[in-house]
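Working notes, beginning with the structure itself.
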Amino acid sequence: MSASVSAVDTAASQAPAPPAPSQLPVQATGLPWLGLAAVLMGTFISTLSGRFSSFALSDIRGAMHAGFDEGAWIITAQTVAQMLVAPVAVWVGSVYGSRQILIASSLAFALVSLLTPFSPNLQTLLVFQFIGGLASGCFIPLTLSFILRVTPMKLWAYAVAVYALNLELSLNISASLEGWYADHWSWHWIFWQNVPLALIMAVCVHFGTQRMPPLPTPIRGDLYGVASCSVGLALIYAALDQGNRLDWLNSGLVCGLLIAGCVLMGAFLLHELLTPHPWIDLKAFINGPLPFLLLLIALLRLTILSTAYLIPQYLGAVRGFRSLEVGHTLIWIAIPQLVLCPISAFMLSRTDPRIAPSVGLLCIVGACLMVATGLTPSWGAEEFLPSQLLQAVGQSLALSGIVFYCVLHLKPELILTFGAMLQIARLMGGEIGQAFVSTLARVREQHASNLIGLHLQAGNADVVQRVQAYAAATSRSGIPDRDSGIVLLGRVVRQLATLQGVIDAFVAVAATVAFGLIILAMLDPPPRGPASHRPLFARRRVEGPS
């Protein structure tokens, strides 16, 4: 009897253990690095296409014979479509499979990018931008969840590090590429450069992964929930994107968009809590650290886009730099990522995932304070180099660490939902950040201009002397021109006011990142993740003979 019990116990001990509930279903693939390349292409294209339009907006407006107000919707048309399609992409991917949707959307985006420069008018261009946003909006919600399903666990940290790498690259090389296109080719290549990238992505997905069936339990087709969430988020995003231009609540359009979006989002949350078959199980999603982690992603995205806005704002308004010259500064944020990517992945796979983002957030705070305490009107690209290198290190460690910490908490039923939430947090956090920082910089610039103007009294001896000096410096015929001196003095005042607005904005960004560091410190240790997640300097135990 004891022998039979012992045999049963031995067989039970040798039986394979059931998978942990926090682990995601993984399917082997023949070429996993092509799958990682697909992740790189998807997020790279999605971010790069939006940034190109912002840097080259004046060239595109001129080609379409559009004014400032009409041309402001060129960027909004694409990004609003990306926000609109994010929840829809989750449901479609769960029903038909991520692989098929990614291939179709990448091919559609390549075709739209090819046709967009041939738009005969602004209306056609906006339609193409919207369609392109719908196609590229499927990339991020599906690619990250896709790679977690087809990549072995030991490669998850590298996949997340690649995600952080391409985000930094796409944000900070766009100015250089756009300036080079404008100087050597034409603005058409701003769109045409997406064609080979999208085709490469389709090839990577097709050959790098096997045909993958849909999820075992696809997300239920809650049409009302998907529609209300998608439209509500898109309306709020459009209001944020146009708010600074239209003076926020003083605009009826902005108020209408905000009210309609908030009503739809409120109806969505109420519906998801009451319906027996919700699209997102809010109770399961809220129970845990994921909401706080998504808030950290939004804060980090706010920081990334804020600094990517403030530096070009300063260099363009104060120093008069062009896009290509601004790109020479921003590219120093992108170059270190090539080295930081493997280092970040090694740290994530060998240490507590909270260490890397903590160090990263501290680096970002230090970089922002370096600029805020040292910025002067004489700063150029070289003076920004130390702070931007430090910020590059911080952003890479922080973003990859936070996303990887999220991955360790995922349950199988939240794979695609997390992809959608990540895209929503990424887009909404970046838009809130850019709207907040641009409005803060504008308001602080106006305040500083008013304070400086109080000291410029007509007839004041110092003012008269400064105007005469400027008039003599700008004189062409040897006769001082007083009007030119006054114009130049006004330009100096605007530059100093812009400088003060940028400094105040950097201080606000540093405070926001410090708040994110407090949130990160309150999180519990992550669960046991991939097999390679073990202490960095673990002692190897040598077992002797029994």
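Just so it is clear, none of the values below were taken in a lab; they were calculated from the coordinates. As the structure is a prediction and not an experimental result, all values here were calculated from the model. We place every Cβ from the backbone using ideal geometry, glycine too, and count neighbours over all the protein chains shown.
Taking R0 as 25 Å, what's the FRET efficiency between Ala521 and Leu369 from their Cβ-Cβ distance, rounded to 0.05? Could the numbers behind the result be given before it?
Details: r = 19 Å, r/R0 = 0.77.
Efficiency at R0 = 25 Å is approximately 0.85.
Please label the shape of the stretch 228-318 as rounded, prolate or oblate, based on the square roots a ≥ b ≥ c of the eigenvalues of the alpha-carbon gyration tensor (a/c under 1.5 means rounded; beyond that, a/b larger than b/c means prolate, else oblate).
Working: a/c = 4.22, a/b = 1.50, b/c = 2.80.
Verdict is oblate for the stretch 228-318.
Let me spell out the model: positive unit charges on the Cβ of Lys and Arg, negative unit charges on the Cβ of Asp and Glu, origin at the Cα centre of the stretch 335-477. What dipole size does that give, in debye rounded to 20? Numbers along the way, then the final one.
Working: 8 positive and 7 negative charges, 18 e Å.
Computed about the Cα centre, the dipole is about 80 debye.
Per residue, how big is the convex hull of the stretch 220-278 when only Cα atoms are used? Give it in Å³.
For the stretch 220-278, the hull spanned by Cα atoms encloses 55 Å³ per residue.
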